[in-house]
Every structure is written in structure tokens, then in C-alpha cells.
Amino acid sequence: MDFEHVTFDLRRALSHLISASLTSLWTKLALLTGGFLLHVLWYGLVIVLLSTPPARAVYDRAGQWIERVVGTALAVFGLRLISEKL
């Protein structure tokens, strides 16, 4: 199953539901509030988990290599975008 396709279709369906004139204001507010709360809770959980002593210890040991790998990946993506525009 292609999860990117499912996510895109869900976003499109929610977008149509929110912009539809027949959808009540309360439904629109509930959808927007739910989406906001979901994002806040998810990123809050990620922050809490990554700030624990074991996670910090792993990053302290491997941080330089993580930054090198991420930097290289971003450079490759940037070069790919540049090459596609040429």
C-alpha cells in the first residue's frame, strides 16, 4: 500500500470538507482544532523523548556524525534541485 498516496488523499478530502459551504462552522472548527492539537501533542512528545538523558547521551556520542550525514544529504538534495532546474 502506498502510504504517501493515502496521506495525500486524506489531506485533499479534509481540505474539501473544510472548504465546503455545506459543512457547519462547528465541524470546521473541530477539524482545525483537532489537527492543531494533534501536531502540538506529537511534537511535544518528540521533544520530551529526545530530551531524556539516554537520548542526549546518544546524540552527544554520535552528534558530529549525525550532523555530517544530514549535511551531506541536504547538499545532495540541493544539488539535485539545481540540476533539475538546468
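General observations
- Inter-residue pairs, beta-carbon under 6 Å, first without any contact (Cβ under 8 Å) to a residue 24 or more places away in the chain and in segment 31-56, second assigned to a helix (DSSP H, G or I), 6+ apart: LEU31/ILE18
- Candidate set from segment 24-57 (those that are over 20 Å from the mean Cα position of the chain (by Cα) and outside any helix (DSSP H, G or I)); member that is farthest from ALA13 (Cα to Cα): THR52
The numbers here are math on the coordinates, done by the rules we state, and not lab data. Quick caveat, the model's predicted, so the values are computed rather than measured. Neighbour counts are summed over all protein chains in view; Cβ atoms, including those assigned to glycine, are modelled from backbone coordinates with ideal geometry.
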